[in-house]
């Protein structure tokens, strides 16, 4: 595409620069536009680039109109004036200048940082960041120390936007997309580029090159007139992409894949949908010498609210006082299995109707027929296929894009539909004699725990999933748990108390995380006390609970099984032997997807082929998304503290003081509730632990290479059927893998031995068991705390407003 797109965008830029200095510029633009349209239309062969041209002119028009009509130099007033022209887009520089004009809220930010230091204590890996191990690519991270640095230099920050970016950057450096700081000011605008990029190899093994997305489609169609990108903004293209990485993945291969457009879903990637401002324009140079420059832009969903904005101060009053991200009650959604994703960029597009819609891909060489789905759920997030062609007749494909419903419909109906689709797929594989399976997990960022567990149990009905996790046993955790245990263990209290959802403590979803009697030990037995469950285990200079597992019994509706859902259990046939199954990932698999991978690899012994990443002849990890367990919105921790203090006062509990200082501070985290009080700001409450790992290292910090790495070709990028066959061929033949990518010791093919589904042996657990493990009385004191008069009054006033939201925390794993 080089020449045509370069001319189109360069002409547009020249026009804007010319008109900015031209009297009567609006009439000039109206007169000139038809001739510019005719000139570029002759050169542009693909409609997408015309839309880029069109948007550039619209942005130019909006900017020029604002420049003529605005009577102020206030950047936010300029944006507000532009948005009043019935547009939801402004030039990226204009949006950034507006954000940079918002003054620092020194007092509020100081309080917010103090509150984050309290709430973030529940982040399960907080202590591990200080000593992550040699394999961790980002080095040590002292979270509290970094927060203190920001707090101590608030007066030196240029804007409120800069302060919140600095805080967010702490979570970004964690490499864990379960831990999110998404305050109001970072969500008013979405910064975007006007084109997409993709990375493809000439043969699937040679190091890839970067192309404009439309050029990859042209390559797949056999066009000879395509040139790769040689520079972006004056840097080598992959070097530039690395310089703007700002996503939360375990390593740089994942960050790279997240930047790129996805061929099978056409997901734009974080190069296009930017997590933060990356300049006013993007300059591209192609290898054939063509150059182009396109204006970056910003969109907003808050156009109407800008009618109240005249400057940076009014921007803060409009957007940063609770309207965008403050706590909202959840009475209408009191019990839900998942929370929407909160990654700092695009989440997967869910195909609808015929999967992958190949309306532009019918001229792929050889006219390879695209298979019809043998099963497909209504959201498009799960589908199954049978491959055709010589040597592929007995291969099935199970595509799982999501373990949740992105449309947030009835949870019970979705769970049943998902489960039934897996059942139907397996049944058809048996009847059609499909004995080989590709499990396509590309772009899968997680979802509901019960669905991943059920899917594994259906695929391998003779194997018991492990799914081990643990919590960080911080001070507030211990105190809440001790109060919960005291109520549960006392017949009088247990009979008297009901949680804010009207449930007795025995079946409380509000206090589910502390309900030790609902879970199983690492060996699969029932816990006998709070002490046995809580520990804590002293590990890597931190304190952690014992490893716990979920209870899959259909009689237990608190541990993991949502209302109306039963696991598929009992003896039943399965056509698949693990040696004939392969996972196909793009390294973006995380959360529930990572948990699914753990069961498939360490319990069943399934290998993996992973596509993409940095242009290197090295191994690539199968999973670079979060490997942790359940996630919880920040605002729920003040709720937990409120309800606990209220319960303590109501029942006169002895395990903690009713005015406990630490719980009082947590309960009254007002800036958290105001600035980061919705579901997009979250922490990861659980580590996940490998069965048989004596070191008890969180899976997040264990390097796990795929058995084979491949790169997309233009054909396999454009055609999912070709991609599945490329992955299967590489699974069967290492010579089709990228040089240097096979045989890593952490991969099954490199010698890693899966633990399997048998009993967990005592010698394969951590050498040091939790303090009091197995011999506690279930009524350990939480340590009390100093008095704080008035605590119970404040708590009771707030509980009625917020406590019902705590019920929304069942089985969260995104």
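The values are calculated or read from the model by the stated rules, or taken from the named source; none is laboratory data. Given the structure is predicted, the values throughout are model-derived calculations rather than measurements. Every residue, glycine as well, gets a Cβ built from its backbone with ideal geometry; the counts of neighbours run over all protein chains shown.
Within the span defined as the range 610-627, every residue fails to be over 28 Å from residue 241 (Cα atoms), in contact with a helix residue (DSSP H, G or I) (Cβ under 9 Å, 6 or more places away or on another chain) and either at pLDDT 95 or above or surrounded by fewer than 21 Cβ atoms within 10 Å (Cβ to Cβ) (or both). Just one of the listed residues (135, 105, 114, 142) is exposed (fewer than 14 other Cβ atoms within 10 Å of the Cβ) and closer than 22 Å to residue 672 by Cα, namely 142. Per the listing 478, 507, 450, the residue uniquely under 21 Å from residue 627 (Cβ atoms) and out of contact with any strand residue (DSSP E or B) (no Cβ under 7 Å at 6 or more places or on another chain) is 450.
For residue 504, the conditions (1) touching a residue at least 40 places away in the same chain (Cβ under 8 Å); (2) more than 28 Å from the chain's Cα centre (by Cα); (3) farther than 27 Å from residue 577 by Cβ all hold with the exception of (1). State yes or no: is residue 70 within 24 Å of residue 280 (Cβ to Cβ), at pLDDT below 95 and surrounded by 23 or more Cβ atoms within 10 Å (Cβ to Cβ)? It is false that residue 70 is within 24 Å of residue 280 (Cβ to Cβ), at pLDDT below 95 and surrounded by 23 or more Cβ atoms within 10 Å (Cβ to Cβ).
All of (1) out of contact with any strand residue (DSSP E or B) (no Cβ under 7 Å at 6 or more places or on another chain); (2) assigned by TED's automatic domain parsing to the domain that holds residue 716; (3) part of a strand (DSSP E or B) hold for residue 609 with one exception: (1).
Among helices (runs of 4 or more DSSP H) entirely within the range 487-605, having at least 1 residues that are assigned by TED's automatic domain parsing to the domain that holds residue 411 and crowded, with 18+ Cβ neighbours inside 10 Å singles out 592-598.
Which one is nearest to residue 667 (Cα to Cα), of the residues in the range 116-131 that are part of a loop (DSSP other than H, G, I, E, B) and within 21 Å of the chain's Cα centre (by Cα)? Among residues in the range 116-131 that are part of a loop (DSSP other than H, G, I, E, B) and within 21 Å of the chain's Cα centre (by Cα), the one nearest to residue 667 (Cα to Cα) is 123. Inspect the range 412-426 for any residue being surrounded by fewer than 24 Cβ atoms within 10 Å (Cβ to Cβ), modelled with pLDDT of 95 or more and part of a loop (DSSP other than H, G, I, E, B) and give the result as yes or no. No: the range 412-426 contains no residue that is surrounded by fewer than 24 Cβ atoms within 10 Å (Cβ to Cβ), modelled with pLDDT of 95 or more and part of a loop (DSSP other than H, G, I, E, B).
I'm trying to understand the selection: among the residues of the range 198-209, which are surrounded by fewer than 24 Cβ atoms within 10 Å (Cβ to Cβ) and in a strand (DSSP E or B)? Scanning the range 198-209 gives 201, 209. Whether a residue is in a loop (DSSP other than H, G, I, E, B) and either in the same structural domain as residue 589 (by TED's automatic domain parsing) or within 24 Å of the chain's Cα centre (by Cα) (or both) was assessed, and residue 393 passes this test.
Does residue 134 qualify as being out of contact with any helix residue (DSSP H, G or I) (no Cβ under 9 Å at 6 or more places or on another chain), outside the structural domain of residue 682 (by TED's automatic domain parsing) and not in a helix (DSSP H, G or I)? Taking the combined requirement at face value, the residue satisfies it.
Of the strands (runs of 3 or more DSSP E) lying entirely inside the range 233-305, those containing at least 3 residues that are touching a strand residue (DSSP E or B) at 6+ places or on another chain (Cβ under 9 Å) and surrounded by fewer than 22 Cβ atoms within 10 Å (Cβ to Cβ) span 281-286. Only a single criterion out of (1) on the phi < 0 side of the Ramachandran plot; (2) outside the structural domain of residue 462 (by TED's automatic domain parsing); (3) surrounded by fewer than 24 Cβ atoms within 10 Å (Cβ to Cβ) is not satisfied by residue 652, namely (1). The criterion of being farther than 30 Å from residue 543 by Cβ, touching a helix residue (DSSP H, G or I) at 6+ places or on another chain (Cβ under 6 Å) and modelled with pLDDT of 95 or more holds for residue 188. Taken as a whole, the condition of being modelled with pLDDT under 95 and surrounded by 23 or more Cβ atoms within 10 Å (Cβ to Cβ) applies to residue 719. Scanning the range 315-337 for residues that are modelled with pLDDT under 50, out of contact with any helix residue (DSSP H, G or I) (no Cβ under 6 Å at 6 or more places or on another chain) and in a loop (DSSP other than H, G, I, E, B) turns up just one, 329. Among the residues that make up the range 740-755, is at least one of them under 17 Å from residue 206 (Cβ atoms), at pLDDT 95 or above and either touching a helix residue (DSSP H, G or I) at 6+ places or on another chain (Cβ under 6 Å) or assigned to a helix (DSSP H, G or I) (or both)? Checked the range 740-755: at least one residue is under 17 Å from residue 206 (Cβ atoms), at pLDDT 95 or above and either touching a helix residue (DSSP H, G or I) at 6+ places or on another chain (Cβ under 6 Å) or assigned to a helix (DSSP H, G or I) (or both). The residue list 711, 640 contains one member that is in contact (Cβ under 8 Å) with a residue 24 or more places away in the chain and touching a strand residue (DSSP E or B) at 6+ places or on another chain (Cβ under 7 Å), which is 711.
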